[in-house]
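Undergrad: Can you read through this structure? Questions will come right after.
Bear in mind these aren't lab numbers, they're just calculated from the coordinates by the rules spelled out. As the structure is a computational prediction, the values presented were derived from the model and not from experiment. Positions of Cβ are generated from backbone atoms using ideal geometry, with glycine treated the same way; all protein chains shown enter the neighbour counts.
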Amino acid sequence: MSILLSEINEQPAALERALTGGKDAIAELVTQIKKRDVRYVILAARGTSDNAATYAKYLLQLTVGVPCGLAAPSVHTLYEADVNYKDALVIGVSQSGAGDDINEVMAQARKSGALTAALTNTADSKLAQVAEHVLLCNAGVEKAVAATKTYTTTLGLFAKLAARWSGDTALAEALWQVPEAMRTELVRLEGKAQSVANSLTHAERILTVARGLHLCTAIESALKIAETTYTTTQAFSSADLLHGPIASVPANTPCLLFLPDGKTKPMMTEVVGKLAARGARVLTLSTDPDAALPLINTGSELLSPLVDILPAQLLAYHLTLARGLNPDNPLGLSKVTVTR
């Protein structure tokens, strides 16, 4: 079996480990958050970790009402600017914890008085050493170049942090049901992801579209498809797409639209109609029976991104095979990318 496919299927068990192992660390971090009266959150990350941080940006604002934003690491590493992070919680997100740019953000944040936390899969990484608190994914060694289980475990830890910080016991309880929902979804997707992938073998461009809390899924889906299949992909917030770029979508362009149950579904349904009217090939991912790829209702819209990424991961894997490529060894990529 491919390493990538094996790790896609390992995600339910990996998430269970992440949730079990992160209990005390998250409790200690939340204690300090409240003690130090954190006023805002800054998230520093790159690549897949940055997509996970996008989830946290929405999730923490929705659950604890604290402003959240994404750091611009080059402000420190290239422009050598000093930034005052006082009263902030700064979270560095990196599966390897090796990136100089993320570590520089963390070092400067701590120096200026911020509360700092690392979310990583590597306990002895430089990132873990720089931060005051460490939240471990406990995903096990991830061998495939395309990250899967470190992405979903990162989302799981952010959800656990949000539940603990907000005191939302219902969210905390629902989170423990997600691994089983993931197992159910993986079974439901058998054959369906491969069928859709085979129909996209000759696609030169693919769009992924979502809105709000689910934007992270569109962005991460585009990344997985691009890095494994070498297809030109673009991720859009549906709101941004309608502000102009929809004019650049020619007929027959495959468009993956995420319509999970919840607040964003009505608007996304309108976007389905607008793209279809342009002749685009609309492929919906939803709980509706006519969806191109099925989604499962997790019981909480806040948690659906943990499960909704699975169809896209499998689609990327099967499209890679359909094009005669190696899903475990994408050309020009390495498992750990160190940037400054």
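Undergrad: Just E16, E301, E28 to compare: in a GNM of the chain, with alpha carbon springs under 10 Å, which one fluctuates most?
TA: E28
Undergrad: Please give the peptides 98-109, 167-178, 254-265 ranked by average Cβ packing (other Cβ atoms within 10 Å per residue), highest first, as a rough proxy for protection.
TA: Ranking, from highest mean packing down: 98-109, 254-265, 167-178.
Undergrad: Most fluctuating residue of N138, N51, N84 in a GNM of the chain with Cα springs under 10 Å: which is it?
TA: N84
Undergrad: In addition: Put a dot 7 Å past each Cα toward the Cβ at N198 and K86; how far apart are the dots in nm?
TA: 6.4
Undergrad: Tell me the relative contact order for the chain as a rounded percent, counting alpha carbon contacts under 8 Å between residues six or more apart.
TA: The value is 20 percent.
Undergrad: Can you tell which of T20, L285, G69 lies farthest toward the positive end of the dipole of the chain, using +1 and -1 charges on the Cβ of basic and acidic side chains (Lys, Arg; Asp, Glu)?
TA: G69
Undergrad: Can I ask one more? For the range 28-43, in order, what is each residue's ³J(HN,Hα) by Karplus, 6.51 cos²θ - 1.76 cosθ + 1.60 with θ = phi - 60°, in whole Hz (x at glycine and Pro)?
TA: 5, 5, 5, 4, 5, 4, 6, 5, 9, 6, 4, 9, 7, 10, 10, 10
Undergrad: If I model a spin label as a point 7 Å beyond the Cα along the Cα-Cβ vector, how far apart are those points for T31 and A170 in nm?
TA: Simple spin-label model gives 2.9 nm for this pair.
Undergrad: Another question, then. If the reach is capped at under 16 angstrom between alpha carbons, list the lysines near K57, excluding any in the same chain fewer than eight residues apart.
TA: K160
Undergrad: Now a separate question. Which of A109, N51, T31 sits closest to the plus end of the dipole of the range 3-176, meaning its Cα is farthest towards the positive end, when Lys and Arg get +1 and Asp and Glu get -1 on the C-beta?
TA: T31
Undergrad: Okay, moving on. Straight-line reach from K34: which aspartates and glutamates fall under 17 Å, measuring Cα to Cα and dropping same-chain residues less than 8 apart?
TA: D24, D87, E132, D168
Undergrad: Still on this structure: Is the range 181-322 best put as rounded, prolate or oblate by its Cα gyration tensor, with a ≥ b ≥ c the root eigenvalues, rounded for a/c under 1.5, and otherwise prolate when a/b is larger than b/c, oblate when not?
TA: oblate
Undergrad: Can you give the FRET efficiency for T269 and A247, using 1/(1 + (r/R0)^6), R0 = 30 Å, r = Cβ-Cβ distance, to the nearest 0.05?
TA: 0.90
Undergrad: To continue, here is another question. Rank W176, T233, S300 by how far each Cα sits towards the positive end of the charge dipole of the chain (+1 on Lys, Arg Cβ; -1 on Asp, Glu Cβ) and give me just the farthest.
TA: So the residue we want is T233.
Undergrad: What shape does the range 3-176 have by the C-alpha gyration tensor, where a ≥ b ≥ c are the square roots of the eigenvalues, rounded means a/c under 1.5, and otherwise prolate means a/b greater than b/c and oblate the rest?
TA: Since a/c reaches 1.5 but b/c is at least a/b, the shape of the range 3-176 is classed as oblate.
Undergrad: Any number yet on Rg/Rh for the chain, C-alpha, Kirkwood?
TA: Rg/Rh: 0.96.
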